[in-house]
């Protein structure tokens, strides 16, 4: 048993990528069916041996994968607890009363409000989800989703520590991140389509978000919401961590230096690196600081893109908001973030 | 069929976190020591969640059709890190990772260096040694016998091997490598922890980037791997 964990998950991961509408489909599937592939892989492993799992490369992959997961779980729990609390205890109309009525104004306000959620990007996805379910216009919730992991005091302090004597870098990161978040919110107002969101998130006739109507107490509702969000987001987190670990182990860092020569190429390269490496936003400033061969603007782009788009975030968003949304939103955000980073970096750095 | 899953997955994940952070120091292979309280709190919350799911009966849970019924299939992936943490935790990053990463560039240093203590052999961290070689214009390191600790990484080409440390700022995913090349003995097997005494291997101009961070070894002794391998600290006990 104890040697079966890793490959089981790899197979399961592949099998689970297509996202099915939750609940009903799952219910129809008995535990036995879910256990079959597990048993199958166990048999294969018993016959084929497990020694390859202790190869240095595979061990490094497992270590990095576990490191990303273990590092993110506390923040994911913080986010899901907060989102569960918002769902269960915050009156449905609170946010709609506090935010400006006009969506175009609500977007920048929500972006600035991102500064109050101290944590990394894993916490902001479930919170943004619960904001939408509480009636906040999706554009504002997305601005919050993008800005929260980048502009909170913890991350800005880390940036200041990583770039000693360069306060311009902190200011540039703050401005570029807020700018990207606001532009993406407005872009959603202009071009966004609620069809891309999972059905549960589309706007419904006012007054029945799920929950209180079903006859359990708020605490039960809170617990069920937390349980579902954690299981769901946790699964996608593991998937994203596996993807990021694969890149991390497969591509040696020495390759990076090959790209540092051309200015525009280095900007694009570090943007792609931010997506693939999936470093937590509390740590990405230190990684950026270590990429000394690259221009300050390229490093700024790394720090603006990283908290907004990366492999584990795309997986989390696909799970939370739907795949149709995740890839469109991530692609657009990457373009906007690179542009904002390049503009602000060019002006300030 | 749903209750066991909703109990099992959070409970196993919580147990895994408590196992690595409360009962052992395994968590130091993956994350910073500072994350420990958060890991313990997370483990406790998840165990409670599993317990609550196990205890709650017949509240109609799962029988209404909205999102909160049944766990999504993707949640099964959580079984992997949970079982891996409980039963088969992989080791800290080592020679494989170090061999594939470039040495971490030194941070610029504005002020001069204090004089070196007179102790001999002089214990230095790999970072400190590299700084003394490449940034200390006074050349105080020249001819001094120093004592460095780290693990062995074979060099792909050329003479000698690397004494290495891996450090990170957040988790093992953002690791960086500090290396000092060692000349004069055949390499021990990869990932062996050693305390090496020796003197700077001359080359380039001492105090500038042209000076290589290399050591002519005079002696080496195996040491126990530190509990927290991701530091570039001096060993607590001489070994």
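Observations
- Segments classed as helices (runs of 4 or more DSSP H), wholly inside the range B:46-145, with at least 3 members that are modelled with pLDDT under 85 and surrounded by fewer than 22 Cβ atoms within 10 Å (Cβ to Cβ): none
- Of the residues making up the range B:30-41, those that are at pLDDT below 90 and surrounded by 15 or more Cβ atoms within 10 Å (Cβ to Cβ) are B:31, B:32, B:35.
- Tabulated pairs, the range A:76-91, first more than 19 Å from residue A:315 (Cβ to Cβ) and in the same structural domain as residue A:116 (by TED's automatic domain parsing), second part of a loop (DSSP other than H, G, I, E, B) and at pLDDT 80 or above, C-beta under 7 angstrom, 6+ apart or interchain: A:86/A:134; A:90/A:134
- Residues (facing chain B (nearest Cβ under 7 Å), in a helix (DSSP H, G or I) and modelled with pLDDT under 60) located in the range A:25-81: A:26, A:27, A:31, A:34
Residue-by-condition table, conditions (1) touching a residue at least 24 places away in the same chain (Cβ under 8 Å); (2) crowded, with 16+ Cβ neighbours inside 10 Å; (3) over 16 Å from residue B:102 (Cα atoms):
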site: B:167; (1), (2), (3): yes, yes, no
site: B:170; (1), (2), (3): yes, yes, yes
site: B:173; (1), (2), (3): no, yes, no
site: B:199; (1), (2), (3): yes, yes, yes
site: B:205; (1), (2), (3): no, no, yes
site: B:223; (1), (2), (3): yes, yes, yes
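- Members of the range A:263-313 that are assigned to a helix (DSSP H, G or I), over 14 Å from residue A:337 (Cβ atoms) and more than 12 Å from chain B (Cβ to nearest Cβ): A:263, A:264, A:265, A:266, A:269, A:296
The values are calculated or read from the model by the stated rules, or taken from the named source; none is laboratory data. Quick caveat: nothing in here was measured; it's all calculated off a predicted structure. Because the Cβ atoms are built from the backbone with ideal geometry, glycine has one as well, and the counts that use them run over all protein chains shown.
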